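Data block below; observations after.
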Amino acid sequence: MSWFPVLVTPIMAQHLTPVDRQLVAAAVWSEPRYNYAYWDARRADWDSAFAAVVTQTVGRGAPPPSDVQFFRHLRRFVALLGDPQAELMPPPAIASRVARPPLALRSIERRPFIIDYDANDEMRIARPERLAEIVAVQGIPADQWIRDSVLPETPGGSWGHAVARMLEGERGSALHLLLRLPGGAQRGASVTRSVPLTARWPLEHPALEVDTLPGGALWVRVNSLADEGLVQAFDRALGDAPRLAGIVLDLREAAGTGSGRENGYAILARLIERPVLTSRWRTPQYRPAYRGADTPDSIGAWLAAPSDSIRPRQGRARFAGPVAILASPRTAGAAEDLLVAFRNGSRGPIIGETSAGSTGQTLLLALPRGWRLRVTVTRDAFPDGTEFARTGIAPELPVAVKVDDVLAGRDAALERAREYLRTAPRR
């Protein structure tokens, strides 16, 4: 049985030689052994998978795959690590040949929905319609398409991440979608994979969005903790903090990698009156002497860092009123470290869904021929040592996202947060 089924994509000009491909594949095989913090938790036979990918990508006994097909084979290889933050980045000449339509997709009760789209000329003709469900792709039922074609290439095996990238493929190729509109009617739509991996995503939201809710509470949506101007934007939005009726800190779209922790901690520092503990972490250390039969691959050696403290920010008014945080399966990376510190400070409830369990500092490794590989290099945990990678952080007040609520325009988690702010005791 082959590790990697045949990928049906157009054969394009070859730019990588067989030697190039073997060098890249060998580096992908080697680097995680010494850098990936959860190497001991992998489930796949890494060596057998490496042998399979080399055999298939060189094309022994069959025409060699295109460079894009080689990239997709390697992504399946990387996905076997089980690292939700893993990311394989090909050089621009290859990355520019992989694209997706300008549609923002989301999994709701494991069904793919169009949340937004870029209103360009093509989309005005295709008329995809927001909140339409994708029922089929190229005549294949959507769940089968995701399970067979997308999920095997998805780091961490996340269904939500697979849905978000389910229409990715050769740039310029067309897709026929069968849509179920919000009213229940079905119709087809043709879209083109037009936004390459190298381009800025046209539907990207600002790092911070703020609205005032009825009753005077502030709804702060953090979409990227890595943005350099995030803390300053939050400070401007908070303004005269004591006058607010409450704050809903919405981290449901705060995805990303391990960067941005300090920004998250700086935001929390304006919401606390006493120091709170951060997460702790450890990272593997390679020591050749540990490579014995009892501790293969040096995984027994660790450099550990204890929890740090976040102290109330000086020189700025601190908000002492009620605060709630919203989380979702898309809450990942540094946002999960912010959840840990928020919970440690007993500042308020986490409301919504369990977070991604995709945390830890990452390292972008240089590979041969301009390729790069991002892997998680620390194991983060609560101060008591409880790890939350892969399992996520469960909310104190769980609120499931239901298709019926979304179609009706109801944000159940936000409503629950507003209810908490109205009834929470004042400090």
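Starting from the Cα of Ala199, move 7 Å in the Cα-to-Cβ direction to define the label point; list residues of the range 123-154 whose amide nitrogen is under 16 Å from there. Only 123-126 fall inside the zone, counting backbone N under 16 Å.
Computed over protein heavy atoms with a 1.4 Å probe, the carbon and sulfur contribution to the accessible area of the chain reaches 52%. Here each label is just a point 7 Å from Cα along the line to Cβ, and for Ser173 and Arg243 those points are 5.6 nm apart.
Remark on Arg372: its backbone amide H falls under 5 Å from those of Met89, Leu367, a criterion applied only to residues 5 or more positions apart or on other chains, H modelled at 1.01 Å from N. Here the chain carries DSSP beta bridges of which approximately 80% are antiparallel, counting only pairs with both residues inside. Full extension of the chain segment joining Ala304 with Ala289 gains 3.5 nm, where the gain is 0.36 nm per residue of separation less the Cα-Cα distance. Restricting the trypsin sites (Lys or Arg not before Pro) of the range 23-52 to loop positions (DSSP other than H, G, I, E, B) with no more than 16 neighbouring Cβ atoms within 10 Å leaves Arg42, Arg43. For the chain, the longest principal axis of the Cα atoms and the long axis of helix 18-35 meet at an angle of about 40 degrees.
Placing a label point 7 Å from the Cα of Ser259 along the Cα-to-Cβ direction, the residues of the range 184-223 whose backbone N falls under 19 Å of that point are 197-202, 204-208, 222-223.
The dipole here belongs to the chain: it is taken about the Cα centre, uses +1 on the Cβ of Lys and Arg and -1 on the Cβ of Asp and Glu, and is about 340 debye. A probe of 1.4 angstrom, applied to the heavy atoms of all protein chains, finds Met123 with accessible area near 0 square angstrom. Charge tally around Leu151: other residues with Cβ under 12 Å, Lys/Arg +1 each, Asp/Glu -1 each, net +2. Within the set (1) 143; (2) 164; (3) 155, the number that volume of the Cα convex hull per residue in Å³ takes when calculated for this structure is listed as (3).
Between Thr391, Val28, Gln314, the Cα set farthest toward the positive side of the dipole of the chain (charges on each charged residue's Cβ, about the Cα centre) is that of Gln314. Rounded to the nearest Hz, the phi-derived 3J(HN,Hα) couplings of the range 360-374 under the Karplus curve 6.51 cos²θ - 1.76 cosθ + 1.60 (θ = phi - 60°) are x, 5, 10, 10, 9, 9, 7, 10, x, 6, x, 7, 9, 9, 9, where x marks glycine and proline. Principal axis extents of the C-alpha atoms in the range 141-291 (largest first, rounded to whole Å): 62, 54, 27. Within the shell defined by Cβ-Cβ distances under 15 Å, the residues around Leu364 carry a net charge of -1, with Lys and Arg each +1 and Asp and Glu each -1.
The values are calculated or read from the model by the stated rules, or taken from the named source; none is laboratory data. Here the structure is a predicted model, which means the values were calculated and not measured. Glycine gets a Cβ as well: all are built from the backbone with ideal geometry, and neighbour counts include every protein chain shown. Ligands, DNA and RNA are excluded from the accessible area calculation, which covers all protein heavy atoms including side chains. Shrake-Rupley method; radii C 1.70, N 1.55, O 1.52, S 1.80 Å.
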